[in-house]
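The structure under discussion appears below in the form of structure tokens.
Computed from the coordinates by the stated procedures, all read-outs in this text should not be read as laboratory data. If you're wondering where the values come from, they're calculated on a predicted model, not measured in any experiment. So basically every Cβ, Gly included, is an ideal-geometry build from the backbone, and we count neighbours across all protein chains shown.
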Amino acid sequence: RDLLTGGLVAGWGAAIALGVDSARRPAPTAATPAPEPLNGTVVVPFHGPQQAALTVTPQTHSIHTALDLRPGTDRAALARLMRLLTDDAARLTQGRPALADTEPEMASTPARLTVTFGFGPGFVAAAGADVPAWLAPLPAFSIDRLEERWSGGDLLLEVACDDPTVLAHAHRMLRKDARAFTTVRWVQQGFRTAHGTSAPGTTMRNLFGQVDGTVNPAPGSAEQARAVLRSDGWLEGGTTLVVRRIAMNLDTWDEVDRPGRGASVGRRMSDGAPLTGGVEHDDVDLDALDGTGLPVVNIAAHVRRARATTPDEVFYRRAYNYESETDGAGLIFTTYQADPVRQLVPVQQRLAEADLLNTWTTPIGSAVFAIPPGCAPGGYVGETLLE
Ligand code: HEM
């Protein structure tokens, strides 16, 4: 019976697929272009001076997972763990199965898969090293409503990919290999405008519908390197990552008209261009006045409050949307910077004091990690701390 049902369903599937195909696909002609190379085969190098989350244009899907070390996990165990996870990442990102991969076929189309590792304060302490002062929870801000279940963590796995199936497989392999050493603290899944659906370089939209990510150093650029890279000790060539989970209230946002929406940021909803004119990548003119002598950009508009006031306040944002029936909607707002206290905290403090967006947004999670440098073939991520 099962076989019969299976056959029928498969048959219907084929019929439907055929129907759709014949309705939509134009008849081949001499002018039909050659097929595009498949996105699945695109590979991001794993080995290199920096870990890949910094250098690659953000992929469509991401999973940030924070793990806590099991009691008694010492420096030698951490080295074993990081060797194992690095080996998994080096294979999977290049389209090869992990060692003892239970579903090896799922590794063959990596679709720009990257794996990036971060160390929380507990990891560095377990390694027997001094925990830097900045590797600690950010100061409490008045707008924070932080929940334990989205905050902190000893070891971060950031896995990102253009294909959610490949992503899930890679995440599962890493989790399996980490299980003997760690327990799961939180998992945050996010998505961006799908790779390949808009012209390369198109800025993503968040779930408020805003163009989000315009003023941001480009991945792999000299400007980004200046803002994010450290030059000290075991973190030389590495950076730091702050993961903030920010809930966005779409129901109350629904009550705001389009001029109000644009005013809250200082940029137009339609295309992200400044309210003071021009196109998306033009600067917002914060000094512009309207006919009545009032500022065109509201004094509490998000970009007025968030804009860097010194070169120190530049950081790299890599945000992902989240949305689910159980957890609501928001941003997994991540920033990379050489020093979160010097670069990010002053900006977050200004936003906490006044930012129109606070009407609809609430930080509900926060975690800080050290992102060690990348490694060469044969090495492993974390060797500068653990060797
Ligand atoms: C700019 C949205 C939280 C820092 C922007 C823009 C939007 C936006 C639409 C304008 C386009 C762009 O340049 O990207 C949001 C939303 C947030 C949020 C919806 C929360 C859910 C934050 C937080 C920070 C931040 C927490 C920092 C602590 C910035 C910076 C800019 C910016 C630095 C560029 C400012 C400039 O120089 O023009 N954000 N943002 N944002 N945001 Fe946010």
Review point. So what are the three principal axis dimensions of region 312-387 from its Cα atoms, in whole Å, longest to shortest?
Key: 49, 35, 16
Exercise for review: Let me know the charge dipole size of the chain about its Cα centre in debye, to the nearest 20, where only the beta-carbon of Lys, Arg (+1) and Asp, Glu (-1) is charged.
Suggested key: 520
Review point. If we sort 275-284, 360-369 on the protection proxy, mean other Cβ atoms within 10 Å, highest first, what's the order?
Key: 360-369, 275-284
Study note, to complete from the structure: Projecting the Cα atoms of 169, 187, 200 onto the charge dipole of region 158-202, where Lys and Arg contribute +1 and Asp and Glu -1 at Cβ, the residue farthest towards the positive end is 187
Point to revise | Local electrostatic count, residue 97, Cβ distance below 11 Å [Lys/Arg +1, Asp/Glu -1] | key: -2
Check your understanding: Where in the chain are the helices, taken as whole DSSP H runs, whose Cα atoms extend 20 angstrom or more along the long axis and whose Kyte-Doolittle mean reaches at least -1.0?
Key -> 2-24, 75-92, 164-178
Exercise for review: Once you have all Cα-Cα distances for region 250-336, histogram them in 5 Å bins from zero and send the whole-percent values.
Suggested key: 3, 12, 16, 22, 22, 14, 7, 4, 1, 0
Exercise for review: Output ³J(HN,Hα) for region 245-253: one whole-Hz value per residue in order, computed from phi by the Karplus curve 6.51 cos²θ - 1.76 cosθ + 1.60 with θ = phi - 60°, and x for Gly and Pro.
Suggested key: 9, 10, 6, 10, 8, 6, 5, 6, 4
Review point. Could you give the Stokes-Einstein D for region 133-183 in µm² per second, using the C-alpha Kirkwood radius, 10 °C, 1.306 mPa s?
Key: 115
Exercise for review: Could you work out the Rg to Rh ratio of region 146-304, with Rh taken as the Kirkwood radius (inverse of the mean 1/r over all Cα pairs)?
Suggested key: 1.03
Check your understanding: Cα extents of the chain along the three principal axes, largest first, in whole Å?
Key -> 74, 64, 41
Point to revise | Volume of the Cα convex hull of region 50-184, divided per residue and given in Å³ | key: 128
Study note, to complete from the structure: So residue 129 and residue 184, fully extended at 0.36 nm per residue minus their Cα-Cα distance, gain in nm 17.5 nm
Practice item. For region 218-364, divide the Cα radius of gyration by the Kirkwood radius and give the resulting Rg/Rh value with two decimals. Key: 1.00
Review point. What ³J(HN,Hα) values, in whole Hz, does the Karplus curve 6.51 cos²θ - 1.76 cosθ + 1.60 give for region 371-385 when θ = phi - 60°, with x put for Gly and Pro?
Key: 10, x, x, x, 9, 8, x, x, x, 8, 5, x, 4, 5, 8
Revision key, fill the gap. Rounded to whole angstrom, the alpha-carbon centroid of region 312-387 lies from that of region 170-242 at a distance of 9
Exercise for review: May I ask which residue of 343, 71, 156 lies farthest towards the positive end of the charge dipole of the chain, with charges of +1 (Lys, Arg) and -1 (Asp, Glu) on Cβ and the Cα centre as origin?
Suggested key: 71
Practice item. Between 168, 319, 194, find the one with the highest GNM mean-square fluctuation for the chain; connect C-alpha pairs within less than 10 Å. Key: 194
Exercise for review: Report, in whole Å, the centroid distance computed from the Cα atoms of region 59-110 and region 145-164.
Suggested key: 15
Check your understanding: How big is D, in µm² s⁻¹, for region 263-306 by Stokes-Einstein at 25 °C and 0.890 mPa s if Rh is the Kirkwood radius over C-alpha pairs?
Key -> 238
**Study point:** region 154-230 - charge dipole about Cα centre, Lys and Arg +1 at Cβ, Asp and Glu -1, debye rounded to 20
**Key:** 240
Review point. In the chain, with Lys and Arg counted as +1 and Asp and Glu as -1 at Cβ, which of these residues, 115, 58, 354, has the Cα nearest the positive end of the dipole, that is, farthest along it?
Key: 115
